[in-house]
1. Taking the condition of being surrounded by fewer than 14 Cβ atoms within 10 Å (Cβ to Cβ) and in contact (Cβ under 8 Å) with a residue 12 or more places away in the chain, how many residues in segment 88-102 meet it?
2. Residues in segment 24-64 that are touching a helix residue (DSSP H, G or I) at 6+ places or on another chain (Cβ under 9 Å), of a type outside the set (A, V, I, L, M, F, W, C) and outside any loop (DSSP other than H, G, I, E, B): how many?
3. Could you tell me which residue of segment 6-36 is surrounded by the most Cβ atoms within 10 Å (Cβ to Cβ), considering only residues that are hydrophobic (A, V, I, L, M, F, W, C) and out of contact with any Phe, Trp or Tyr (no Cβ under 7 Å at 6 or more places or on another chain)?
4. Please count how many residues of segment 34-67 are under 22 Å from Met1 (Cα atoms) and either touching a residue at least 60 places away in the same chain (Cβ under 8 Å) or of a type in the set (Ser, Thr, Tyr) (or both).
5. Among the residues of segment 40-66, count how many are of a type in the set (D, E, K, R) and either surrounded by 17 or more Cβ atoms within 10 Å (Cβ to Cβ) or in contact with a Cys (Cβ under 9 Å, 6 or more places away or on another chain) (or both).
6. Yes or no: segment 103-121 includes at least one residue that is crowded, with 18+ Cβ neighbours inside 10 Å, over 17 Å from Pro4 (Cα atoms), within 16 Å of the chain's Cα centre (by Cα) and touching a residue at least 60 places away in the same chain (Cβ under 8 Å).
7. Go through the residues of segment 64-86 one by one and say whether even a single one is in contact with a strand residue (DSSP E or B) (Cβ under 8 Å, 6 or more places away or on another chain), basic (Lys, Arg) and on the phi < 0 side of the Ramachandran plot.
Amino acid sequence: MVRPCFLVIDPEYPGSISTRKLVIETAKFNVLTAYSGREGVEMLRLFPAIHGVVMDEDLQDLPCHSVVAALKAISPVLPVIVISGPKGKHCPGADYHLESFDPRKLLEILARLKPEETEEIERRNEELENQN
């Protein structure tokens, strides 16, 4: 099984890693991480086989819509999920918009993007649980 791989674009904070990355990896998806819009676009150029992008709306280097446009210029059908605060703006070009970081909602969207792979991951988890 090839697990889906998602690119997470989050602002960088001293001494921490992306919480979104941890949530997505806990669901046993693979994750690449970028800490700016520019880095995210470059990561997609380097790794074009990713299955979707999860990004924070408030990146410090580029406006959200510019990052989405650059990503879509490289891969027009690539699903982009933008996460904002409760009163966030709508990011033009994004395929999905979450107004809060509810991990369950994010994982539901990712599962809908790759349903067969998600089912296979869940079956494998059950097999592993039954072995113990």
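Laboratory data are not the source of any read-out in this text; all were calculated from the coordinates shown. These numbers were taken from a predicted model, which means no experiment stands behind them. Don't worry about glycine lacking a Cβ; one is built from the backbone with ideal geometry, like all the others, and counts go over all protein chains shown.
1. In the first step, residues of segment 88-102 are kept if they are surrounded by fewer than 14 Cβ atoms within 10 Å (Cβ to Cβ); the result is 90, 92, 100, 102.
Filter once more, keeping what is in contact (Cβ under 8 Å) with a residue 12 or more places away in the chain: 92, 100.
The qualifying residues number 2.
2. Matching residues across segment 24-64 total 9.
3. In the first step, residues of segment 6-36 are kept if they are hydrophobic (A, V, I, L, M, F, W, C); the result is 6-9, 17, 22-24, 27, 29, 31-32, 34.
Applying the additional criterion that residues be out of contact with any Phe, Trp or Tyr (no Cβ under 7 Å at 6 or more places or on another chain) yields 7-9, 17, 22-23, 27, 34.
Working: Leu7: 23, Val8: 27, Ile9: 29, Ile17: 13, Leu22: 12, Val23: 19, Ala27: 19, Ala34: 22.
Among those residues, the one meeting the criterion is Ile9.
4. So the count comes out to 2.
5. Here is the first cut: in segment 40-66, the ones of a type in the set (D, E, K, R) are 42, 45, 56-58, 61.
Cutting the leftovers down to either surrounded by 17 or more Cβ atoms within 10 Å (Cβ to Cβ) or in contact with a Cys (Cβ under 9 Å, 6 or more places away or on another chain) (or both) gives us 56-58.
Number satisfying all stated conditions: 3.
6. Checking segment 103-121: not a single residue is crowded, with 18+ Cβ neighbours inside 10 Å, over 17 Å from Pro4 (Cα atoms), within 16 Å of the chain's Cα centre (by Cα) and touching a residue at least 60 places away in the same chain (Cβ under 8 Å).
7. We begin by selecting, within segment 64-86, every residue in contact with a strand residue (DSSP E or B) (Cβ under 8 Å, 6 or more places away or on another chain); these are 64, 67-68, 71-72, 78-84.
In the following step, the residues that additionally are basic (Lys, Arg) were identified as 72.
Then drop every residue that is not on the phi < 0 side of the Ramachandran plot, which leaves 72.
Yes, the conditions are met somewhere in segment 64-86.
Let's see how each residue does on (1) under 14 Å from Ile9 (Cβ atoms); (2) in a loop (DSSP other than H, G, I, E, B); (3) in contact with a Cys (Cβ under 8 Å, 6 or more places away or on another chain):
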position	(1), (2), (3)
Val68	yes, no, yes
Pro76	no, yes, no
Pro86	no, yes, no
Ala94	yes, yes, yes
Ser100	no, yes, no
Arg104	no, no, no
Ile109	no, no, no
